[in-house]
Structure formats: C-alpha cells, structure tokens
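Presented below is the structure to which this report refers.
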Amino acid sequence: MPDPSSVLAPGFTTNPYWWDAAPPEAAREALPEKTDILVVGSGYCGLSAAAELARNGVDVTVVDAEELGAGASTRSGGMVSSGQKLVIGGAIKGVDAQRMERLLEDSLASYEHLKTLIREQDLDADLAVLGRYFGAHVPSHYDRLRRQGELLARHTGVTVHEIPKARQYEVTKTDFYHGGIVIDDYGGLHPAKYHRALRRLAAANGATLRSHAPVLKVHPAQDGVHLVETGRGTIRAREVLFGTNGYTDKAQPFLQRRIVPVRSYQIATEPLPPELMAEINPGRRMITDSKRELIYTRPAPDGSRILFGGRPGAFGVSEEEAAPRLHAQMLKVWPQLAGYRVTHCWSGKVGMTFDKIAHMGRHDGVNYALGCNGNGVALMTYLGHQSALKLLGKQNRTCAFDDPAFPANPLYTGNPWFLPIVSGWYHLLDGIERRLASRG
Ligand SMILES: Cc1cc2nc3c(=O)[nH]c(=O)nc-3n(C[C@H](O)[C@H](O)[C@H](O)COP(=O)(O)OP(=O)(O)OC[C@H]3O[C@@H](n4cnc5c(N)ncnc54)[C@H](O)[C@@H]3O)c2cc1C
C-alpha cells in the first residue's frame with residue numbers, strides 16, 4: 001500500500017475536480033404547495049425532463065434531497081457514446097435480436113439527442129468528439145475487442161480502427177495493453193458544466209428547482225392527485241417522476257429493490273507538462289480497457305491533467321484511502337506519471353440493474369427513469385426527455401427502454417451485501433487472466 005503522504009498533493013480535496021469550475025447549487029426557497037408534475041432527483045434525467053416539460057408550458061418542480069447536482073451527474077467521467085455499453089457491457093447477450101436493435105437504436109438516438117441539445121441550446125459543456133480507445137488487458141482480449149468493434153460498427157454505424165500493440169504508442173505510450181480499438185465517434189464533456197447548463201435551461205424554461213427536499217413518501221393518487229411528503233413539507237402533484245438512479249432510496253421500495261448502487265472513484269493528477277500529456281494521450285481521447293473491473297481515464301477538457309477512474313478495492317473505502325490505490329493502478333499503465341501527485345479524489349454512485357439495461361416506466365401511478373449501469377451522460381438525459389414526451393403525450397413511438405419487465409432479485413432489498421464478493425471475484429479473475437497471459 002503506497003504511502004498516502006507521498007501521493008496526495010497539498011490542498012488535496014475529496015470534492016470532484018469538476019466542481020472547481022461548476023459546483024452544485026443550493027435552492028432552499030420555500031417549496032410550492034402544489035405542482036402539476038413533480039420530478040424527484042436533479043441529475044441529468046430530472047433536469048432534462050423538467051426542461052422539456054416546462055418548455056411545453058407545464059408547471060413542473062424538481063426536488064433533490066441534497067444540493068442540485070449532488071448526485072452522479074456532476075461526478076462522472078463525462079464520457080459519451082452510443083450503445084457501446086450494451087454491446088461491450090454484455091447486456092445484449094440475454095436480449096432477443098429485435099429488442100436489441102430497438103435498444104441500440106434508442107442508444108444511438110440518445111447520443112444524437114445530447115449533441116443536438118448542446119448545439120441548439122448553446123450549452124456550455126466542453127463537448128469534444130475526439131474518440132475513445134479500448135485497451136486489451138490480455139492478448140486474447142484484442143480479438144474480442146475487434147469483434148465487439150465490428151458489432152458496434154454494424155449496429156450503430158461508428159468508425160472503428162484496430163490498433164495492434166506495435167502501433168499502440170500512436171494512441172498512448174504504454175506497454176500495459178495488448179493493442180485495442182479506437183472508436184472515432186465517441187467523446188467527452190465537462191459533466192458539471194453540462195449540469196449547470198441544464199439547470200439554467202430548465203429554470204429559464206420555467207421549471208422550479210429546489211434542493212434539500214428529500215422525498216420521503218408518495219401516497220397513492222386520490223382524485224388524480226398524489227400527496228408527496230418531503231423533508232420540507234408536503235407537495236400535491238398530478239404526476240410524479242423519479243430520476244434517482246444510483247441514489248434511489250426507500251421513498252420508492254419498488255425501485256430500491258431493482259437498483260444496485262455501485263460506488264465508482266476518480267482521481268485528478270496535478271497539472272502535467274504538455275510533453276507528458278502528449279505522450280500519454282496525443283489524441284485527447286477517452287481511454288478505457290477490457291478488464292471486468294475496468295479503468296476509465298481521460299484528459300481534463302483543457303488538456304492540463306489526467307483524470308483516472310476505477311474501483312480501488314472490493315470494499316467501499318474513503319476517498320483518502322482510494323487516492324493512493326488508484327494512483328498505483330494508474331502507474332501500472334503509465335509509469336511515467338510517477339512523481340505527479342493527486343489533487344482530487346472523489347466518488348459517486350452508479351445505478352446498476354439486474355438485466356444491465358436502463359428502465360423507464362410507471363408503477364403504482366409513479367413514473368421512473370433510472371438504471372444507467374454506468375453509462376448515463378447521454379442516456380439519462382435522453383430518458384428524462386423521453387419521460388417528458390410520454391407525460392406530454394408527444395412520443396412518436398414507445399422508447400425501447402420503456403419495458404414493463406423490470407427484474408428484481410429475491411435476495412436483494414436495497415442493501416448490496418454481495419458487491420464485495422462480486423468485485424473481489426472480478427478482481428481475482430482479472431489478475432489470474434493477466435498472470436496466465438504473461439506466462440504465454
Ligand atoms: C464516478 C462516476 C463516473 C461515471 N462516468 C460516466 C461516464 O464517463 N460516462 C457516462 O455516460 N456515465 C458515467 N457515469 C454515470 C452517470 O454519471 C450517470 O448515469 C448519470 O449522471 C445519472 O444521472 P441521473 O440524473 O439519472 O442521476 P443522478 O445524477 O445520480 O441524480 C440522482 C439524484 O436523485 C437524488 N435523490 C435520490 N433519492 C431522492 C429522494 N428520495 N428525494 C429527493 N432526491 C433524491 C439524489 O440526491 C441525486 O442528486 C459515472 C458515474 C459515476 C458515479
């Protein structure tokens with residue numbers, strides 16, 4: 001275990017790097033007594049739904065238990081793609097071909113929606129489409145990645161380049177990976193700036209945004225009106241939409257039983273010399289790998305430093321403990337980063353589902369859109385928008401993620417007791433695979 005004092009830079013903070021530019025916001029004004037549509041959760045999903053509803057003249061209120069943007073949306077890696085998680089994450093294995101086509105179609109639509117929204121509304125989000133590299137953790141993964149690249153190209157039309165190990169330095173100067181694939185069409189944005197821009201858009205369209213108002217219970221509608229108890233009083237609402245993703249709690253037990261919160265951690269390095277940045281990531285791409293416990297890394301949007309994410313161990317740890325562990329993982333891939341310390345280490349919760357697919361729908365009169373499975377910058381924005389269109393009766397067709405079959409597991413009621421076991425197992429398998437590969 002590395003000595004933390006040699007890794008943490010002076011002024012080290014456990015706030016996300018992204019908050020330096022755009023921190024979450026409090027909105028503690030009084031809650032309205034009634035609203036037409038109440039949105040629970042102020043992430044991309046909730047804000048995107050609210051922006052569209054308000055644009056259509058609906059009286060909509062967004063409430064969050066914490067500050068606006070305190071959830072995953074201002075903590076993520078900011079990587080954006082279309083359908084990659086469904087194919088590479090393996091969700092499509094258990095899905096029939098027709099549904100898979102529809103899911104991929106809507107994933108592609110989510111990416112297009114994000115780009116159009118940012119362009120047309122002139123959102124300050126630092127979106128740059130410079131590609132993503134997927135590195136092969138062991139030699140046999142190179143062929144697997146090539147096959148997955150072919151599938152993605154076929155189903156989503158992306159441009160894929162195969163990068164054999166001999167050419168890897170063109171993408172990144174590391175000997176850790178055994179080649180990989182570059183997908184040109186993927187990109188990255190500044191997640192907290194994007195969130196701030198969505199907050200401003202929703203408010204400018206007329207939505208009411210309120211922080212520090214945890215929803216505690218939603219009473220079944222009577223005469224078409226729900227009574228929603230919050231920590232700051234009761235709100236009467238005709239419709240309620242939950243966009244609570246990895247932060248879903250007992251306010252909706254049906255959803256809590258279906259969402260497994262998984263904590264992901266990231267670090268930011270000190271500013272690096274431009275020559276070193278150019279060596280590590282000359283194309284300023286997003287980079288991830290083929291491990292079960294994968295890492296994800298990218299340059300900051302201004303190109304000044306590296307942001308590196310992953311899981312620091314099987315058990316949840318503090319950010320202070322996570323920082324040296326992630327730093328050590330980063331040095332395994334790029335030893336040339338030794339000597340550069342960590343300025344920020346933070347974490348956030350991703351909402352996993354038992355079928356690895358996000359879900360929107362309605363249960364007992366309450367609407368929901370959640371379950372990003374670690375891939376929600378574009379998708380949760382889109383599912384919020386789709387939920388709004390559905391509530392407005394304006395959808396052209398049913399969204400593929402709107403599926404009444406939302407699996408639960410009888411052994412899970414909201415406490416993810418099995419995560420250390422699964423994580424430890426994945427970590428072990430990744431290690432064994434690598435050791436076996438190194439013996440040839
Ligand atoms: C570390 C990390 C890295 C990630 N990297 C990427 C990436 O590179 N690319 C990508 O596409 N995705 C990534 N993700 C996932 C992405 O951030 C999420 O999918 C997305 O932000 C989810 O948005 P959301 O609006 O659904 O939920 P969130 O932004 O998590 O918002 C949910 C909100 O609900 C609120 N809430 C919960 N319960 C209640 C209640 N009872 N009452 C009131 N409010 C409540 C919470 O306080 C929270 O603010 C990452 C996530 C994490 C944590």
*Does any residue in segment 6-17 that is closer than 12 Å to TYR340 by Cβ come within less than 8 Å, Cβ to Cβ, of a residue that is among the hydroxyl-bearing types (Ser, Thr, Tyr) and not in a loop (DSSP other than H, G, I, E, B) six or more places away or on a different chain, and which pairs are these?*
ALA9/THR343
*Name the single residue, out of those in segment 143-197 being touching a residue at least 24 places away in the same chain (Cβ under 8 Å) and aromatic (Phe, Trp, Tyr), that is nearest to LEU103 (Cα to Cα).*
TYR186
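Do you know which residues across segment 233-255 are of a type in the set (Val, Ile, Thr) and assigned to a strand (DSSP E or B)? If you could, list the steps in order and put the result at the bottom.
Residues of segment 233-255 of a type in the set (Val, Ile, Thr): 234-235, 240, 244, 248.
Scanning segment 233-255 gives THR234, ILE235, VAL240.
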*Hits in segment 341-354 (condition: part of a loop (DSSP other than H, G, I, E, B) and away from the ligand (no atom under 16 Å from the Cβ))*: ARG341, PHE354
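For (1) surrounded by fewer than 18 Cβ atoms within 10 Å (Cβ to Cβ); (2) touching a Leu at 6+ places or on another chain (Cβ under 6 Å); (3) within 30 Å of GLN252 (Cβ to Cβ), each residue gets a yes or a no:
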position: ALA97; (1), (2), (3): yes, no, no
position: TYR133; (1), (2), (3): no, no, no
position: ALA136; (1), (2), (3): no, yes, no
position: VAL158; (1), (2), (3): no, yes, no
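Which of the residues belonging to segment 117-127 are part of a helix (DSSP H, G or I) and either charged (D, E, K, R) or in contact with a Ser or Thr (Cβ under 6 Å, 6 or more places away or on another chain) (or both)? Working first, answer last.
Filtering segment 117-127 down to residues part of a helix (DSSP H, G or I) leaves 117-120.
Within segment 117-127, ARG119, GLU120 qualify.
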_segment 306-333, residues that are buried (at least 21 other Cβ atoms within 10 Å of the Cβ) and part of a loop (DSSP other than H, G, I, E, B)_ = ARG311, PRO312
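Condition check ((1) among the basic types (Lys, Arg); (2) within 11 Å of the ligand (Cβ to nearest atom); (3) at pLDDT below 95) across all residues:
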{"position": "LEU209", "(1), (2), (3)": "no, no, no"}
{"position": "VAL218", "(1), (2), (3)": "no, yes, no"}
{"position": "GLY224", "(1), (2), (3)": "no, no, yes"}
{"position": "VAL228", "(1), (2), (3)": "no, yes, no"}
{"position": "GLY233", "(1), (2), (3)": "no, no, no"}
{"position": "THR244", "(1), (2), (3)": "no, yes, no"}
{"position": "THR248", "(1), (2), (3)": "no, yes, no"}
{"position": "VAL262", "(1), (2), (3)": "no, yes, yes"}
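Sort out which residues of segment 250-260 are more than 30 Å from GLN329 (Cα to Cα) and within 12 Å of the ligand (Cβ to nearest atom), and write them in order of number. Working first, answer last.
From segment 250-260, those more than 30 Å from GLN329 (Cα to Cα) are 250-258; that's our starting set.
Listed by number, the residues that qualify are LYS250, ALA251, GLN252, PRO253, LEU255, GLN256.
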*With (1) modelled with pLDDT of 90 or more; (2) in a helix (DSSP H, G or I); (3) closer than 26 Å to LYS250 by Cβ as the list, and SER423 as the residue in question, which single condition is left unmet?*
(1)
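Condition first: among the hydrophobic types (A, V, I, L, M, F, W, C) and either surrounded by 17 or more Cβ atoms within 10 Å (Cβ to Cβ) or modelled with pLDDT of 95 or more (or both). Now tell me which residues in segment 339-364 satisfy that. Walk me through how you get there before you give the answer.
Here is the first cut: in segment 339-364, the ones among the hydrophobic types (A, V, I, L, M, F, W, C) are 342, 345-346, 350, 352, 354, 357-358, 360.
Matches in segment 339-364: VAL342, CYS345, TRP346, VAL350, MET352, ILE357, ALA358, MET360.
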*asked:* Of the residues ALA358, ALA338, ALA322, only one is without any contact (Cβ under 8 Å) to a residue 60 or more places away in the chain, under 29 Å from ASP175 (Cβ atoms) and within 16 Å of the ligand (Cβ to nearest atom); which?
replied: ALA322
*Specify which of the listed residues (LEU391, LEU411) is surrounded by fewer than 17 Cβ atoms within 10 Å (Cβ to Cβ) and away from the ligand (no atom under 16 Å from the Cβ).*
LEU411
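Which residue out of PRO32, PRO23 is more than 12 Å from the ligand (Cβ to nearest atom), surrounded by fewer than 21 Cβ atoms within 10 Å (Cβ to Cβ) and closer than 30 Å to ALA323 by Cα?
Values: PRO32 fails: closer than 30 Å to ALA323 by Cα.
One residue alone meets the criteria, PRO23.
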*What are the pairs, 6+ residues apart or on separate chains, where a residue within segment 224-245 that is under 18 Å from VAL58 (Cα atoms) has its Cβ under 9 Å from a residue that is of a type in the set (Val, Ile, Thr) and assigned to a loop (DSSP other than H, G, I, E, B)?*
PHE242/THR248
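Residue-by-condition table, conditions (1) within 14 Å of LEU152 (Cα to Cα); (2) touching a residue at least 24 places away in the same chain (Cβ under 8 Å); (3) buried (at least 16 other Cβ atoms within 10 Å of the Cβ):
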residue	(1), (2), (3)
MET79	no, yes, yes
LYS85	yes, yes, yes
GLY94	no, yes, no
LEU103	yes, yes, yes
THR116	no, no, no
ASP122	no, no, no
ALA125	no, yes, yes
*Residue count for segment 165-184, restricted to those that are out of contact with any strand residue (DSSP E or B) (no Cβ under 9 Å at 6 or more places or on another chain) and either more than 15 Å from ALA437 (Cβ to Cβ) or of a type in the set (Val, Ile, Thr) (or both)*: 4
*Give segment 291-327 a look and list any residue that's touching a strand residue (DSSP E or B) at 6+ places or on another chain (Cβ under 6 Å) and basic (Lys, Arg), or say none.*
ARG298, ARG305
*Failed item in (1) over 23 Å from GLY43 (Cα atoms); (2) in contact (Cβ under 8 Å) with a residue 40 or more places away in the chain; (3) over 22 Å from the mean Cα position of the chain (by Cα), with LYS394 passing the rest*: (1)
*Can you pull out the residues in segment 355-372 that are more than 14 Å from the chain's Cα centre (by Cα) and part of a loop (DSSP other than H, G, I, E, B)?*
ASP355, ASP364, GLY365
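Look at segment 128-156 and say how many of its residues are assigned to a helix (DSSP H, G or I) and touching a strand residue (DSSP E or B) at 6+ places or on another chain (Cβ under 8 Å).
First pass over segment 128-156, keeping only residues assigned to a helix (DSSP H, G or I): 139-156.
Narrowing further to those that are touching a strand residue (DSSP E or B) at 6+ places or on another chain (Cβ under 8 Å): 142, 145-146, 148-150, 152-153.
So the answer is 8.
The values are calculated or read from the model by the stated rules, or taken from the named source; none is laboratory data. Owing to the predicted nature of the structure, the values given are computational and were not obtained by experimental measurement. Don't worry about glycine lacking a Cβ; one is built from the backbone with ideal geometry, like all the others, and counts go over all protein chains shown.
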